[in-house]
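Visitor: Have a look at the structure that comes next, please.
The values are calculated or read from the model by the stated rules, or taken from the named source; none is laboratory data. Bear in mind the structure is a predicted one, so any value in this text is a computation, not a measurement. Here the Cβ positions follow ideal geometry from the backbone for every residue, glycine too, while neighbour counts run over all protein chains shown.
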Amino acid sequence: MQKVAESKGCGTTGGSGKASCGSAAGSGDLPPEIWEKVKNHPCYSEEAHHHYARMHVAVAPACNIQCNYCNRKYDCANESRPGVVSEKLTPEQAARKVLAVASTIPQMTVLGIAGPGDPLANPAKTFKTFELISKTAPDIKLCLSTNGLALPDHVDTIARYNIDHVTITINMIDPEIGAQIYPWIFWNHKRYTGVEAAKLLTEHQLRGLEMLTERGILCKINSVMIPGINDKHLVEVNKAVKSRGAFLHNIMPLISAPEHGTVFGLNGQRGPSAQELKALQDSCEGEMNMMRHCRQCRADAVGLLGEDRSAEFTTDKIMEMEINYDLEGRQAYQALVEQERIAKVEAKQEELATLAGEASDITLLVAVATRGSGLINEHFGHAKEFQVYELSTRGAKFVGHRRVDLYCQGGYGEEESLETIIRAINDCHAVFVAKIGGCPKGDLIKAGIEPVDEFAHEFIEKSAITWFKSYLEKVRSGEITHAERGDAAIRQGALIAAA
Ligand code: CLF
Ligand code: SF4
């Protein structure tokens with residue numbers, strides 16, 4: 001357990017001076033057995049999430065607690081963005097779906113069960129699904145996300161099925177705070193409310209975490225940041241989970257809008273701003289590695305984090321699909337992905353070395369339009385999200401992403417969506433794109449955000465460092481004056497899919 005706790009996890013990306021899971025050496029400062037577990041898990045490795053995909057199967061509809069940020073009509077809000085699950089699956093349907101996706105998306109390496117309720121409130125369906133998949137697709141990593149109430153009862157089963165990655169959503173360790181988040185829990189055929197409910201929940205969560213880490217199972221903690229309720233308290237949560245051997249901490253913004261029909265949505269509880277979220281993540285980073293690339297995905301999501309290909313794999317479609325689960329083909333494809341990944345890291349390291357003599361204390365953010373592979377390969381108008389990197393003389397560090405409305409709307413509503421995009425990346429000095437039209441370019445410049453298209457289809461971090469060096473040079477020569485940017489808005493609600 002200690003070994004895991006001391007390891008530098010995957011929220012730590014290169015350039016910060018700390019080792020990264022995606023270092024050119026392949027393993028950074030992680031023990032080899034940990035590296036094997038995280039190297040192609042898109043949630044446990046920030047570096048991997050540019051290249052590898054995950055899928056969820058929605059086999060777990062029931063829940064044993066109530067969170068004030070969740071409405072049962074929607075996906076599990078602690079592992080999903082709001083939006084109905086398209087279909088609930090039986091374990092057999094789920095197993096077929098996994099094979100269908102694995103045949104089509106060779107870089108899909110992880111199968112997660114994350115709802116739409118709590119997987120451990122549906123243990124028969126959850127473990128049957130894992131059992132079927134471990135037999136038919138043995139190269140796929142198994143991953144589970146839970147609220148933790150029933151966790152201590154299932155730790156041995158989790159270990160028996162080789163489920164090597166478990167996420168527990170822990171929003172508090174103080175029952176007084178918990179009572180403001182959870183109106184009730186259902187345990188041992190009895191409903192508990194208020195502080196008593198929250199006390200039971202936190203005891204089970206922390207005991208479950210200890211039991212898992214004692215068995216060498218990698219644990220990630222998800223926490224929903226709820227301003228005015230648990231925002232300051234999450235620093236204490238961070239210490240508590242680190243001391244119990246958690247590998248990674250993922251502090252996510254509360255998603256709260258009246259149309260979701262949640263208690264928080266209806267009573268006007270706001271989510272954090274981009275600056276508030278980053279400040280909390282930064283303050284916890286000294287204690288532990290922070291995940292910053294979570295997309296709060298659906299309980300039936302398929303694809304790279306940030307893309308959703310679930311519509312390609314509805315039950316009707318997979319029943320008709322010819323399934324060819326080709327293990328060798330998958331491995332060959334993933335070997336190519338690894339080569340691409342190593343080239344990207346080497347390019348970054350080379351460029352980083354040229355920053356060595358710089359003494360500036362300027363730190364700034366830039367936004368990047370990407371479709372994955374660590375490349376600047378998305379058109380501004382087609383971007384559904386922008387990845388955000390922090391640039392300093394220490395290099396380029398991934399610090400988050402901003403979901404946006406598509407700019408290209410077929411000739412309608414572009415001005416309106418541009419306003420929301422500018423609000424979402426308002427804290428950035430520049431936006432890197434593969435291509436951008438004249439209109440949005442002008443408006444971005446007016447808003448003080450430099451559109452940069454000269455690095456189209458090149459590696460993100462290397463390009464960002466090159467641009468940053470020229471920025472510093474312009475500041476030094478007096479051509480520009482460096483100024484801090486303002487705050488940015490975190491988009492609430494569901495993603496608008498590309499047409
Ligand atoms: Fe799914 Fe969760 Fe496993 Fe990932 S998601 S069960 S650990 S495979 Fe990932 Fe999605 Fe964030 Fe979850 S981006 S919501 S952290
Ligand atoms: Fe909703 Fe998940 Fe909370 Fe259950 S644990 S109430 S499904 S957010």
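Visitor: Quick one: in the range 254-311, which of the residues that are hydroxyl-bearing (Ser, Thr, Tyr) and more than 24 Å from Lys239 (Cβ to Cβ) is nearest to ligand 1 (Cβ to nearest atom)?
Guide: Looking only at the range 254-311, we keep the residues that are hydroxyl-bearing (Ser, Thr, Tyr), and these are 256, 262, 273, 283, 310.
Filter again for more than 24 Å from Lys239 (Cβ to Cβ), leaving 256, 262, 273, 310.
Working: Ser256: 17, Thr262: 17, Ser273: 20, Ser310: 13 Å.
Going through the qualifying residues, I end up with Ser310.
Visitor: For the range 229-287, how many residues meet the condition of being within 21 Å of the chain's Cα centre (by Cα) and among the β-branched types (Val, Ile, Thr)?
Guide: Residues meeting the conditions: 5.
Visitor: Quick one: in the range 242-299, of everything that is small (Gly, Ala, Ser) and out of contact with any helix residue (DSSP H, G or I) (no Cβ under 9 Å at 6 or more places or on another chain), which residue is nearest to Cys70 (Cα to Cα)?
Guide: Gly261
Visitor: Would you confirm whether or not the range 279-292 contains a residue that is within 18 Å of Ala114 (Cβ to Cβ), within 16 Å of ligand 2 (Cβ to nearest atom) and not small (Gly, Ala, Ser)? Steps first, answer last, please.
Guide: So in the range 279-292, the residues within 18 Å of Ala114 (Cβ to Cβ) come out as 291.
Keeping just the survivors that are within 16 Å of ligand 2 (Cβ to nearest atom) gives none.
Looking through the range 279-292, none of the residues is within 18 Å of Ala114 (Cβ to Cβ), within 16 Å of ligand 2 (Cβ to nearest atom) and not small (Gly, Ala, Ser).
Visitor: Check Ile465 against each of (1) surrounded by fewer than 19 Cβ atoms within 10 Å (Cβ to Cβ); (2) over 20 Å from the mean Cα position of the chain (by Cα) and name the one condition it does not meet.
Guide: (1)
Visitor: Regarding Gly265, is this residue surrounded by 18 or more Cβ atoms within 10 Å (Cβ to Cβ), touching a strand residue (DSSP E or B) at 6+ places or on another chain (Cβ under 7 Å) and among the small types (Gly, Ala, Ser)?
Guide: For Gly265, the condition - surrounded by 18 or more Cβ atoms within 10 Å (Cβ to Cβ), touching a strand residue (DSSP E or B) at 6+ places or on another chain (Cβ under 7 Å) and among the small types (Gly, Ala, Ser) - is not met.
Visitor: Can I ask one more? Only residues that are within 14 Å of ligand 1 (Cβ to nearest atom) and either under 25 Å from Arg270 (Cα atoms) or not in a strand (DSSP E or B) (or both): list them for the range 226-253, please.
Guide: Within the range 226-253, Ala246, Phe247, His249, Asn250, Ile251, Met252, Pro253 qualify.
Visitor: Among the residues of the range 472-482, is there at least one that is under 30 Å from Glu340 (Cα atoms) and outside the structural domain of Gln269 (by TED's automatic domain parsing)?
Guide: yes
Visitor: Provide a single number: the residues in the range 276-313 that are more than 17 Å from Arg403 (Cβ to Cβ), part of a loop (DSSP other than H, G, I, E, B) and hydrophobic (A, V, I, L, M, F, W, C).
Guide: 2
Visitor: When you look at Leu200, is it of a type outside the set (Ser, Thr, Tyr) and farther than 15 Å from Ala246 by Cα, yes or no?
Guide: Values: of a type outside the set (Ser, Thr, Tyr): yes; farther than 15 Å from Ala246 by Cα: yes.
Against the criterion (of a type outside the set (Ser, Thr, Tyr) and farther than 15 Å from Ala246 by Cα), Leu200 qualifies.
Visitor: Being buried (at least 21 other Cβ atoms within 10 Å of the Cβ) and among the β-branched types (Val, Ile, Thr) narrows it down to one of Val337, Val345, so name that one.
Guide: Working: Val337 fails: buried (at least 21 other Cβ atoms within 10 Å of the Cβ).
On inspection, the qualifying residue turns out to be Val345.
Visitor: Sticking with this structure for a sec: What number of residues within the range 47-87 satisfy the criterion of being at pLDDT below 75, within 12 Å of ligand 1 (Cβ to nearest atom) and closer than 25 Å to Glu131 by Cα?
Guide: Taking the range 47-87 and keeping what is at pLDDT below 75, we get 72-86.
Narrowing the set further to residues that are within 12 Å of ligand 1 (Cβ to nearest atom) leaves 75-81.
Imposing the further condition that a residue be closer than 25 Å to Glu131 by Cα reduces the set to 75-76, 78-80.
Counting residues in the range 47-87 that are at pLDDT below 75, within 12 Å of ligand 1 (Cβ to nearest atom) and closer than 25 Å to Glu131 by Cα gives 5.
Visitor: To continue, here is another question. Considering each of Thr126, Thr167, Thr157 in turn, give the residue that is within 14 Å of ligand 2 (Cβ to nearest atom), assigned to a helix (DSSP H, G or I) and not charged (D, E, K, R). Quick ask: steps written out before the conclusion?
Guide: Details: Thr167 fails: assigned to a helix (DSSP H, G or I); Thr157 fails: within 14 Å of ligand 2 (Cβ to nearest atom).
From the options Thr126, Thr167, Thr157, the qualifying one is Thr126.
Visitor: Sticking with this one: Can you tell me which residue is farthest from ligand 2 (Cβ to nearest atom) among those in the range 129-154 that are within 24 Å of the chain's Cα centre (by Cα) and part of a helix (DSSP H, G or I)?
Guide: Ile133
Visitor: Something else: With the structure loaded, tell me whether Tyr333 is in a loop (DSSP other than H, G, I, E, B), of a type outside the set (Asp, Glu) and more than 16 Å from ligand 1 (Cβ to nearest atom) or whether it fails that test.
Guide: Numbers: in a loop (DSSP other than H, G, I, E, B): no; of a type outside the set (Asp, Glu): yes; more than 16 Å from ligand 1 (Cβ to nearest atom): yes.
Taking the combined requirement at face value, the residue does not satisfy it.
Yes/no matrix, rows are residues, columns are (1) buried (at least 17 other Cβ atoms within 10 Å of the Cβ); (2) over 23 Å from the mean Cα position of the chain (by Cα); (3) in a helix (DSSP H, G or I):
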| residue | (1), (2), (3) |
| --- | --- |
| Phe386 | yes, no, no |
| Val399 | yes, no, no |
| Pro451 | yes, yes, no |
| His457 | no, yes, no |
